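A.B. asks: The structure is given below, and queries will be raised subsequently.
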Amino acid sequence: CTGFNGSLNLPDGLTAIGEMAFYKCGFTGELRLPAGLTEIYGHAFGLCSGFTGSLTIPDGVTFIGEYAFFNCSGFTGSLTIPDGVTSIGEWAFDGCSGFTGSLIIPDGVTSIGEYAFSGCRGFSGKVFFPLILNYIGKKGFFECNTVEAFQFPHTTPLTYLEDMLPGGATVEVPTAAVDTYKATDGWKNHNIVGY
């Protein structure tokens with residue numbers, strides 16, 4: 001469905017968006033998701049390149065599937081992920097290059113899949129991670145070159161996988177952990193600073 005014009009306003013009462021529901025559908029406006037939504041399955045909005053504005057995922061959402069917003073490159077504002085989300089699937093926001101500002105990964109997120117934010121070049125602020133996070137897949141934030149800094153509250157570094165962060169990125173960690181990060185494979189290739 002490549003010819004739609006305007007925004008996509010999904011109705012109240014909708015609780016889930018199934019796999020590939022709007023895959024490759026072309027829109028030319030904002031995407032508005034209803035408050036009662038709890039699940040966004042894989043490829044739900046994959047390759048919907050015409051969306052504009054910010055993307056606010058409703059507070060009730062707990063699950064963002066793999067490739068859910070893959071290559072939705074038209075967004076031109078902030079990305080807001082709600083506190084109820086516990087995992088972000090592989091490739092979920094890959095290629096969403098238009099998001100701006102900072103990104104707060106919610107306190108309940110324990111894992112971020114590989115390539116989840118790869119190619120998100122628009123973020124201009126910091127990316128903040130929660131203490132409960134225990135996994136970021138390979139190339140999770142690959143080519144997010146415009147991020148000011150990636151801030152981790154962890155005193156023990158996470159396992160560093162291939163190109164998890166953009167090369168040479170600034171990584172903020174608790175001051176007491178700076179030396180540990182600087183001595184750890186993968187992490188030591190970044191600009192480690194304390195906060």
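The values are calculated or read from the model by the stated rules, or taken from the named source; none is laboratory data. In this text the structure is predicted, and so the values were computed from the model without any measurement. For neighbour counting, all protein chains shown are included, and Cβ atoms are generated from backbone atoms with ideal geometry for every residue, glycine included. These area figures cover heavy atoms from the full protein model, side chains too; ligands, DNA and RNA do not enter into them. Shrake-Rupley method; radii C 1.70, N 1.55, O 1.52, S 1.80 Å.
A.B. asks: May I ask for the percentage of alpha-carbon pairs in region 141-195 that lie more than 17 Å from each other?
C.D. replies: 25
A.B. asks: From largest to smallest, what semi-axes in whole angstrom does the chain give when each is the square root of 5 times an eigenvalue of its alpha carbon gyration tensor?
C.D. replies: Ellipsoid semi-axes (Å, largest first): 31, 16, 13.
A.B. asks: Considering amide H positions built from the backbone, and no H for Pro or chain starts, which residues 5 or more places from PHE75, or on another chain, come under 5 Å of its amide H?
C.D. replies: Long-range HN contacts for PHE75: GLY98.
A.B. asks: Which part of region 92-136 falls in the paramagnetic zone of ASP59, meaning amide N under 14 Å from the point 7 Å along Cα-to-beta-carbon?
C.D. replies: Within reach of a label on ASP59, which here means backbone N under 14 Å from a point 7 Å along Cα→Cβ, region 92-136 contributes nothing.
A.B. asks: What is the distance in Å between the Cα centres of region 70-103 and region 119-148?
C.D. replies: 10
A.B. asks: So what are the ³J(HN,Hα) numbers for region 58-65, from phi and the Karplus equation (6.51, -1.76, 1.60; θ = phi - 60°), rounded to whole Hz, Gly and Pro as x?
C.D. replies: Values, residue by residue: x, 4, x, 6, 10, 9, 10, x Hz.
A.B. asks: Carbon and sulfur together cover what percent of the accessible area of region 47-105 at a 1.4 Å probe radius?
C.D. replies: Carbon and sulfur: 51 percent of the exposed surface of region 47-105.
A.B. asks: Further, regarding this structure: What's the lysine pair count for the chain at a Cα cut-off below 21 Å, pairs eight or more apart or interchain?
C.D. replies: 8
A.B. asks: Let me ask another. Per-residue HN-Hα couplings for region 75-86, Karplus 6.51 cos²θ - 1.76 cosθ + 1.60 at θ = phi - 60°, whole Hz, x for Gly and Pro?
C.D. replies: For region 75-86, the Karplus curve yields 4, 10, x, 7, 10, 10, 10, x, 5, x, 5, 10 Hz.
A.B. asks: OK, next. How large is ³J(HN,Hα), in whole Hz, for each residue of region 136-145 in order, when computed from phi with the Karplus curve 6.51 cos²θ - 1.76 cosθ + 1.60 and θ = phi - 60°, using x for Gly and Pro?
C.D. replies: Each residue of region 136-145 in turn: 10, x, 4, 6, x, 10, 4, 6, 7, 6 Hz.
A.B. asks: Using packing as a proxy for protection, rank 98-108, 69-79 so that the peptide with the highest average count of other Cβ atoms within 10 Å comes first. Intermediate results must be reported in sequence, preceding the final value.
C.D. replies: Working: 98-108: 18.7, 69-79: 21.5.
Highest mean packing first, the order is 69-79, 98-108.
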